[in-house]
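Please read the structure below before turning to the comments.
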Amino acid sequence: MAGIVSGLISVARGLIAVAALGPTGCAMYFDPPSVADAPMTVGDRKVVIESLVCGADGRVIAAGFADSLTSLEGVVLYSGDRGSTWHQAAIEPRAVGISLSTVEWPAGPEKGSTFVSGFRVGENLLSGIRSSYPPGPWWSSADGGRTWRSTTTRMPLPPTSDIGLGIPDLVVADAAGTVVAAAGDRGGPLAVLRSTDGGKTWQRQTLSRLGHYGSIVSDGLGSLALSGRSRHDAGVVYWSADSGATWSESEISTGGKFPFKAPAALRLYRSPAGALIAFNNDSIGKGRSPAWVFASADNGRSWSFVQGFDRVGRIVGLGIDREDRIVAVTEWGHVLLGDRKGTTWALSEAVISVNPSTAVSQVIFGPDGVALAVQYRGGIFRSTDGGQTWRGVDSGLPDRQFDLNRHCIDGMGLVVVAGGGGMLTRSTDWGATWQPGRIVGSADASR
């Protein structure tokens, strides 16, 4: 379980013995890391990291929150040495009761700038679990992330019922720098936010059928596709050919193979070759957990069911190998190989050794065939041949129960992965070796 709610209840789980459900729905004993085992702590509180930014010149920024039974406060951490040592950044005013995420501005005069914001989740464990969360204030930094000051609101975010997604992704829709994002609005309908002037003003639309956001992809030339889940638990995809000014619902065909249009939760992927692919992001059918793949040849206007693989687990990451094939890795460690258009798929003989309590939580693709499969409990597997073979590498993290579901890379060998339980580790050689990060003080004290 990822997101804010799991972070909030992790404290209670650490105090008492409880039974929990693993990432694939199997019962397991929840064994969280202690504060002493966690490299990222603030006082006696473990930091839950919701987002990461790997910048130039060794700069890395992490945002999230530190919580206990009686307090919750947004936290920003800063590293100037590629994630080896960290400082707690100064935030004014303090982000009490707010879960923070980073926002990298993708276009306009502020392209490349990093902001932090989040949602008001409550000041302690009991107040942090409710049905709707209003947006919080915004902060900016003038010194690369060491200190943060209050700034004007950059996006008019609506309240949300699903803060585990954090601040919505911003995509650049066209060469003019139009920016588009999708955000939940009290569980529905979904709000689409669009700015043509670098975020100074925004237009807002609602997609009435969608109550939960899935993902958004853009070709940068005016074509976008957006997935979500309707309030009737049906997967829906919308497409736009005018940089997000207008949207139409896609047609999704299952070829008569299923009595419904699409899985409830769909994620989208656009390959470097321009292929547009949709796949289920939920476990379908008790004990089956298949991976279903859909493809679109017309920028998301229509979709066809391509292939399904039963009992392999849902897809958690896709990328391109050296032979220009699409490589998909599932939560249960299976590898699927697709052609560059995503229209034919095969199950590879490669299998990553995982079990329900150590399922793969994310996949990171690097250059020259390097791929990393990151597991719950902190395990990491590495491939140097595009997913054909895998070997385990030591992450340096304890073997405990925690989510490890956030990452960033800098394109020069740096990979930082993090998540719940105060866990963060980094590699400077594309995942061959790893070293846990550590907090050494406040940013103010280090200046």
Output yes when any residue across the stretch 363-372 is under 20 Å from Pro436 (Cβ atoms) and touching a helix residue (DSSP H, G or I) at 6+ places or on another chain (Cβ under 9 Å), and no when none is. no
Those residues that are among the polar types (S, T, N, Q), assigned to a loop (DSSP other than H, G, I, E, B) and touching a residue at least 60 places away in the same chain (Cβ under 8 Å), I need them from the stretch 389-423; list them, please. Gln401
For the subset of the stretch 272-303 comprising residues that are out of contact with any Phe, Trp or Tyr (no Cβ under 6 Å at 6 or more places or on another chain) and modelled with pLDDT of 90 or more, which member is surrounded by the fewest Cβ atoms within 10 Å (Cβ to Cβ)? Asp298
Matching residues in the stretch 300-317 (in contact (Cβ under 8 Å) with a residue 40 or more places away in the chain, touching a Gly at 6+ places or on another chain (Cβ under 9 Å) and within 22 Å of Ser223 (Cβ to Cβ)) number 2
May I ask you to say which residue of Thr433, Thr425 is hydroxyl-bearing (Ser, Thr, Tyr), surrounded by 19 or more Cβ atoms within 10 Å (Cβ to Cβ) and either modelled with pLDDT of 90 or more or within 21 Å of Ser101 (Cα to Cα) (or both)? Thr425
Could you check Ala175 against (1) under 17 Å from Phe115 (Cα atoms); (2) assigned to a loop (DSSP other than H, G, I, E, B); (3) among the hydrophobic types (A, V, I, L, M, F, W, C) and say which number it fails? (1)
Scan the stretch 198-229 for residues that are out of contact with any strand residue (DSSP E or B) (no Cβ under 9 Å at 6 or more places or on another chain) and either surrounded by 22 or more Cβ atoms within 10 Å (Cβ to Cβ) or touching a residue at least 24 places away in the same chain (Cβ under 8 Å) (or both) and report the count. 1
The correct count of residues that are assigned to a strand (DSSP E or B) and out of contact with any helix residue (DSSP H, G or I) (no Cβ under 7 Å at 6 or more places or on another chain) in the stretch 184-234 is 26
Return the total of residues in the stretch 90-116 being small (Gly, Ala, Ser) and under 10 Å from Trp139 (Cβ atoms). 1
Residue match in the stretch 68-89 (condition: modelled with pLDDT of 90 or more, buried (at least 17 other Cβ atoms within 10 Å of the Cβ), closer than 18 Å to Asp143 by Cα and β-branched (Val, Ile, Thr)): yes
What pairs can you find where one residue is in the stretch 239-250 and closer than 15 Å to Ser195 by Cα and surrounded by fewer than 17 Cβ atoms within 10 Å (Cβ to Cβ), the other is modelled with pLDDT of 95 or more and of a type in the set (Ser, Thr, Tyr), and their Cβ atoms are less than 8 Å apart, with a gap of 6+ or different chains? Thr246/Ser240
Under 6 Å between Cβ atoms, which residue pairs at least 6 apart in sequence (or on different chains) link something in the stretch 324-340 that is over 13 Å from Phe279 (Cβ atoms) with a partner that is of a type in the set (S, T, N, Q) and surrounded by fewer than 24 Cβ atoms within 10 Å (Cβ to Cβ)? Val335/Ser348; Leu337/Ser348
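The values are calculated or read from the model by the stated rules, or taken from the named source; none is laboratory data. Here the structure is a predicted model, which means the values were calculated and not measured. Cβ: placed from backbone, ideal geometry, glycine included. Neighbour counts: every protein chain shown.
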